[in-house]
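First the structure, in the form of C-alpha cells, and then the observations on it.
The values are calculated or read from the model by the stated rules, or taken from the named source; none is laboratory data. Just so it is clear, the model here is predicted, and its values are computed rather than measured. With ideal geometry, Cβ positions are generated from the backbone for all residues, glycine too; neighbour counts draw on all protein chains shown.
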C-alpha cells in the first residue's frame, strides 16, 4: 500500500513537470516579443500589444515599464527584443552597444510633449523656458518672482531612470545647450511615478511638476510655454506638437538590436500603420505625421 | 553525543544540522557578494568624493553622505515614535490590562505589523502628507517626518512583541516582593519590572531600529527622495533621500559593472553592516545581562 502511494506521488510530480495547457483558445504562440522601457510609453505599449495579440494570436507580447534607461540597459544586456524610450540613446549607451556588438536601430513611433503642470489654484498660467529652467535649477524659489502668490516653490520631478527626466534636463534646464552643466536643484523631489507627481500637484498649491502630455488629467492646470520673453505662449495640443510651435515637443522611440526581423519587424510595421496610430490619439499622444 | 540508534534519527539530525548551518552560510555568501560588487567603488571613486555631499550619479557625483543622513534622520524619528508607544503598549498589555483585553490586544498589534508597507506608503501620500502640509504649514508634506511617522508605526509591533515577552519573563516574585515592601503598582512597574526586563527592551528597540532602517517602499513613496544633507534640527521637516530608496529607484538602469553599479552595491554593503552591527549589539546586550543574572543567582 505504501509503495503504491509513493508511486502515485512520483507520477503526479512527473506529470506536473510538463507545461500546462493555456486557458485561452490561443494556439501555441510561434513568436515571443519582449518589450520594456519607458513609463511614459507603457500604457501605449500595452494598448498596442493587446490589440496586436487580438488580431495576430500566434504572437505573444510582454510589456513592462521601468523607465527608458532600464529598457535600453535591458536591450544592451540582450534580455529584451524592443526597448521603449522617451529619449534618444546617449553617446555613452551607443558606445556600450558597439562594445557589445549591437547596432541599435531607432524607430520613431509617436510624438509627445512635456507639459509643465501646476495646481489649479495657482494664478500663474504662462512661463518662458528660461523661467522654468531657473525654477528647477534653484535660482527662483518663490512663486511671486514669476507673477504668482507669495508661496515657496516645491519642485517635483521623475526619478533619474526616466526618459522624461533626461529630456527635461536637456531641453528645459539646459535649454538645449549641449555643453551646459546645470543640474536640478538638490531639493527637487524625485517621485517614483507620474501618478505621485499628479497626486501631489492636485493637493499642493506650491507645487510645480512636469509630465508627458498623455498623463495630465483635465483637472490640473497646464502652463503655456514660450521659447523666450517675446515669443508666443503656446499650450500643448496635438496641433502645436505636430507643427513644433510648442517648445517641448519630443519623439518617442522604440529601439531594436540591429535591423528588426521576422515577428518584431511585423510588429513595428503595424505600429506605424493608421490603425495603431489611431490608438496613439486615443491615449492622448500625437501620431507620427506622414 | 550518543550514536543515533537507527537510520531515521541519523538522517533527521543531519538535516537539522544542515538547516542550522545553512543560515550562516547564506549570510556569509550574501556578505561576500556585496563585498565583491561593492568594494570596487572604493577604488574607482576617490574617498573624499564618495563621502561628499553631492549625490548626482548621472553627472558622476557619488557623494553618499546625503543618503546616510537621510536614512539616519528617518530612523531616529521612527524610534522617537516607536519607543514610547511600543514600550507603553507592551507595559499595558503585560502588566495592566485584564486577561480578556490582553487576548484581544496582542493579535491586533500583530495585525498592525502585518500591513503591507506599500499600503502604508499609499496612505502616506494620500492622507498623511497633505495633513502635515496644512497642519504644520510646510511647503510640502512629503518629508522625513511623514516617513518617520509611518516607519514608527511599522516598528511598533516589533517593539511591543519583544518587550511584552521580556516583561512576561520577569519572575512574579519580583513584583510580589515590591508590593510587599509597600510600592504602588506604578512604582513596581517603573522601578522594578521594567528595569528587570531592560535587556529584552533594549533588544526590542534594536530590532525596531533594524526594521526601520531597512524599510524601502514607505520611504520611497513619502519622503520625497531629494538628496539634501539632513543635518539641521528642522531637517526632519524637509524632504530627504534614504539609502534604501536610492537602491530601489536606481538599480534598474545601471549598466552591469559600471562605477555607478559598484557605488549602489557599496551603499547596500553599508546598509548590511549597519543592520549587522545593530543585531550584534542587541544580542551581546542579552548575553551580558544573562551572565550577570547567573552570577547573582549563583
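Figures for the structure shown
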| read-out | value |
| --- | --- |
| Hits in the stretch A:40-52 - residues which are in contact with a strand residue (DSSP E or B) (Cβ under 9 Å, 6 or more places away or on another chain) and either without any contact (Cβ under 8 Å) to a residue 24 or more places away in the chain or closer than 14 Å to residue A:110 by Cβ (or both) | A:40, A:41, A:42, A:44, A:45, A:46, A:48, A:49, A:50 |
| In the stretch A:182-205, residue modelled with the highest pLDDT [restricted to those that are more than 7 Å from chain B (Cβ to nearest Cβ) and assigned to a loop (DSSP other than H, G, I, E, B)] | A:205 |
| Residues satisfying the stated conditions in the stretch B:55-66, i.e. facing chain A (nearest Cβ under 8 Å) and surrounded by fewer than 17 Cβ atoms within 10 Å (Cβ to Cβ) | B:56, B:59 |
| So residue B:263, is it in contact with a strand residue (DSSP E or B) (Cβ under 7 Å, 6 or more places away or on another chain) and either more than 15 Å from residue B:71 (Cα to Cα) or within 10 Å of chain A (Cβ to nearest Cβ) (or both) | yes |
| Answer from B:89, B:69 - the residue that is crowded, with 17+ Cβ neighbours inside 10 Å and within 14 Å of chain A (Cβ to nearest Cβ) | B:69 |
| Residue match in the stretch B:58-76 (condition: closer than 30 Å to residue B:174 by Cβ and either touching a helix residue (DSSP H, G or I) at 6+ places or on another chain (Cβ under 8 Å) or part of a helix (DSSP H, G or I) (or both)) | no |
| The stretch A:220-240 - residue that is out of contact with any strand residue (DSSP E or B) (no Cβ under 7 Å at 6 or more places or on another chain) and closer than 18 Å to residue A:112 by Cβ and, of those, farthest from the other protein chains (Cβ to nearest Cβ) | A:239 |
| Members of the stretch A:159-181 found to be within 11 Å of another protein chain (Cβ to nearest Cβ) and closer than 17 Å to residue A:250 by Cα, listed by number | A:162, A:163, A:165, A:166, A:169 |
| Residues of the stretch B:194-204 that turn out to be part of a helix (DSSP H, G or I) and touching a helix residue (DSSP H, G or I) at 6+ places or on another chain (Cβ under 6 Å), as a count | 7 |
| Residue satisfying all of: in the stretch A:58-91; farther than 24 Å from residue A:192 by Cβ and outside any loop (DSSP other than H, G, I, E, B); nearest to the other protein chains (Cβ to nearest Cβ) among these | A:91 |
| Criterion violated by residue A:217 - all others in (1) crowded, with 17+ Cβ neighbours inside 10 Å; (2) away from chain B (no Cβ under 14 Å); (3) out of contact with any strand residue (DSSP E or B) (no Cβ under 6 Å at 6 or more places or on another chain) satisfied | (1) |
| Top-ranked residue in the stretch A:207-230 [being assigned to a loop (DSSP other than H, G, I, E, B) and touching a helix residue (DSSP H, G or I) at 6+ places or on another chain (Cβ under 9 Å); ranked as nearest to residue B:138 (Cα to Cα)] | A:220 |
| Boolean, residue A:135 is modelled with pLDDT of 90 or more, buried (at least 22 other Cβ atoms within 10 Å of the Cβ) and not in a strand (DSSP E or B) | yes |
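Quick grid of which residues meet (1) more than 14 Å from chain A (Cβ to nearest Cβ); (2) at pLDDT 90 or above; (3) surrounded by 24 or more Cβ atoms within 10 Å (Cβ to Cβ); (4) within 19 Å of residue B:30 (Cβ to Cβ):
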| site | (1), (2), (3), (4) |
| --- | --- |
| B:204 | yes, yes, yes, no |
| B:215 | yes, yes, yes, yes |
| B:225 | no, yes, yes, no |
| B:236 | yes, yes, no, no |
| B:241 | no, yes, yes, no |
| B:248 | no, yes, no, yes |
| B:258 | no, no, no, no |
| B:273 | yes, yes, no, yes |
